[in-house]
Amino acid sequence: MSILGWLQQHVFFWMSPPWWTMTSILLQIIALVIPLMLAVAYLTFAERKIIGWMQVRMGPNRVTFFGIPWLGGWGQPIADAFKLIFKEIIIPAGANRFLFLLAPVLALGSALAAWAVIPLDATMGVTDVNAGLLYILAMTSVGVYGVIIAGWASNSKYAFLGALRSAAQIVAYEIAMGFALVSVLIAAGSLNLRDIVLRQDGGMAHWFWLPLLPMFVVYFISGVAETNRAPFDVAEGESEIVAGFHVEYSGMGFAVFFLAEYANMILIATLASVMFLGGWLSPLQGLAELWGGSTESLFATAYVGTFLGHGLHWLVFKVMFLLLLFLWFRATFPRYRYDQIMRLGWKVFIPMTIVWLIVVAVLVMAEVPPWFQRA
Amino acid sequence: MEQFIFWAFAAMLVFSASMVITVRNPVHAVLFLVVAFVASSGLWLLLEAEFLAIALVLVYVGAVMVLFLFVVMMLDINVAKLREGFIRYLPVGATFAVATIVAMGLVVGSRNFGLERYAAPAREAADYNNTAELGTLLYTRFLYPFEIAGLVLLVAIIAAIALSIRGARQIKTPKPERQVEVRREERVRIVKMPAEKRT
């Protein structure tokens, strides 16, 4: 927050404290949302490129910046964004205008609002609230309104059917997801996301993915289902209902839904890495002891040590890895059948999470090392 | 500042709550109810009851109202028919409404719940943990009521499921577990036949 302190002293010195508080919050939000939106844009590019490589295609490789040939394709997301901005927004006849336009905003808003409590590293993050995990659960559960309202306000049966499908799917998997998070909460003994990360301190084996492995898997698969991504993208079933709840949206309305989907993917990946993969903690931590202290000096070196130690970059790497899994799933798995999706959610994941909840509670009460010893 | 936020949320709450009962379209009514819940959760946040505020959004907005919306969207309600007997039932309805308002006023009026009867709650320190405090109370002092409430909910869930089951299933349904476990040998048989000579 030293940048904020500098700004207060040199740029916004004329502001009274309450105004400065609001301005600083606004600045922090902007500083978070702009990189996030860029990440979303380049995630779409990464998706097309990576799936292209997996399927032995080129992917987008034409649009470039200033005619530089080796940047071929990197201008694609920007070009797509401009195309969508300048397209006409068509509001279907008989649609509810206000709700029709509100739905994409709700979808994107809830995906971005959840970022308020995510700790980026030991000190960075917009806020640090005690009930952070609850807030995340609340925000992600509000996102379903965007889908339902979009389907209903479009005044189209295809959109409506698509909305029902995705909403039922989101509601079903939200329960398993919530239980998975409850087990994290039991393991960490805190609702504060920063505390949850700090409880995993001590190297890769101390992260919660190990004691909570089934929950990690359930959480991630539920996350894939929540975001309506392949192989759970029945809402999009091209052969039956075109593109699900957003068939009637064009131009920027569609683009905002698209952004919301990818922002949700990034959110799920970030939450999974914060709660199960130790957030900003370095996976190399503890190696010094393992190799008899011979690497200790490496951690103390100027630039290499910063890279090997804890920091935001490790969170970014973990998120990128999980996002790669999202794309990988899409490239390799065939679409699930709808009744099997429901069965997996209700009859497999929920009982599994409840059983593991008890197991975790026992592990915590027995203070099983290395995760649950009381200091 | 706090005053301003309070009045903004309070106005939003009163407005959306009155819209819930006056608006014609049932889907709009449900959406206004959602807004009402969000506004009241904002008021709770102002009281520093962050656990209750977020739980309200999580449970009511995130779960209950979604199901409401689901059901209401599927209904094909004829609004004109619903409003038909409005004048005829007005006297009866008005009587009950007045009686209810008077009763509510007597019970929760300023005589019993006025500002002078309750001291303003003391502000807790910044590191005060609402959730932990609530959990401690629920699992010590109010353990039995809490467990009984949980039991009642469980019974209600089982009863709801029991009510919606209508005898043995008549329809044939696919069994996914069998389908998933299917092996190639069960479905495909390769038949080897000797090649016949062309005549």
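We did not get these values from a lab; they are worked out from the coordinates using the rules stated. Every value quoted in this text rests on a predicted model; they were computed, and no experiment measured them. Note that we place each Cβ from the backbone using ideal geometry, even for glycine, and neighbour counts take in every protein chain shown.
Here are some notes:
- In plain terms, the residue of A:W356, A:W280, A:W70 with the fewest other Cβ atoms within 10 Å comes first and the most crowded comes last, giving A:W70, A:W356, A:W280.
- As a ratio to 2.2 N^0.38 Å, the alpha-carbon radius of gyration for chain A is 1.06.
- Extending 7 Å from the Cα toward the beta-carbon at both B:T199 and B:R183 defines two label points whose distance is 4.1 nm.
- Under the membrane-span-like helix rule (DSSP H runs whose alpha carbons stretch at least 18 Å along the helix axis, mean Kyte-Doolittle hydropathy 1.0 or higher), chain A yields A:17-54, A:97-113, A:157-188, A:213-226, A:251-275, A:312-332, A:350-365.
- Dipole of the range B:70-199, positive direction: furthest Cα of B:A125, B:I148, B:S110, with charges on the beta-carbon: B:I148
- Estimated from helical segments only, the mean residue ellipticity of chain B at 222 nm is -20500 deg cm²/dmol, where each DSSP H run of four or more residues counts as -39500 (n - 2.57).
- Size of charge dipole - the protein assembly as shown - debye, nearest 20, with Cβ of Lys, Arg +1 and Asp, Glu -1, no other charges: 2340
- Reducing the range A:121-164 and the range A:326-355 to their Cα centroids gives an inter-centroid distance of 20 Å.
- Helix B:143-164 vs. chain B, principal-axis angle (Cα, 0 to 90°, nearest 10): 50
- Considering only A:A205, A:Q28, A:Q55, and ranking their Cα positions along the charge dipole of chain A that arises from unit charges at the beta-carbon of Lys, Arg, Asp and Glu, the one farthest toward the positive end is A:Q55.
- R0 of 25 Å, Cβ-Cβ distance B:R166-A:D339: FRET efficiency to nearest 0.05: 0.80
- Value at 222 nm in deg cm²/dmol, rounded to 500, when DSSP H runs of n ≥ 4 in chain A each add -39,500 (n - 2.57): -20500 deg cm²/dmol
- With respect to chain B, whose longest principal axis is taken over its alpha-carbon atoms, helix B:65-74 is tilted by about 60°.
- Too-long pairs where the Cα-Cα distance tops 23 Å, listed order kept, from A:K347/B:K175; A:K49/A:K157; A:K49/A:K83; A:K347/B:K172: A:K49/A:K157
- Neighbour counts of C-beta atoms inside 10 Å place A:D121, B:D127 in the sequence B:D127, A:D121, starting with the fewest.
- Across peptide A:129-140, the average count of Cβ atoms from other chains found within 10 Å of a residue's Cβ is 5.
- Protection-proxy order for peptides A:110-119, B:9-18, A:136-145, each taking the mean of Cβ atoms within 10 Å per residue, highest first: A:136-145, A:110-119, B:9-18
- For the pair B:L115 and A:V63, label points projected 7 Å from Cα toward Cβ lie 5.9 nm apart.
- Residue order, fewest to most beta carbons within 10 Å, for B:W44, B:W7: B:W7, B:W44
- Rg/Rh for the range B:1-83, where both radii come from Cα atoms and Rh is the Kirkwood radius: 1.06
- Paired Rg and Dmax values of the range A:316-375, which use every Cα atom, in angstrom: 17.3, 48
- Computed over chain B, the percent of Cα pairs more than 19 Å apart is 81.
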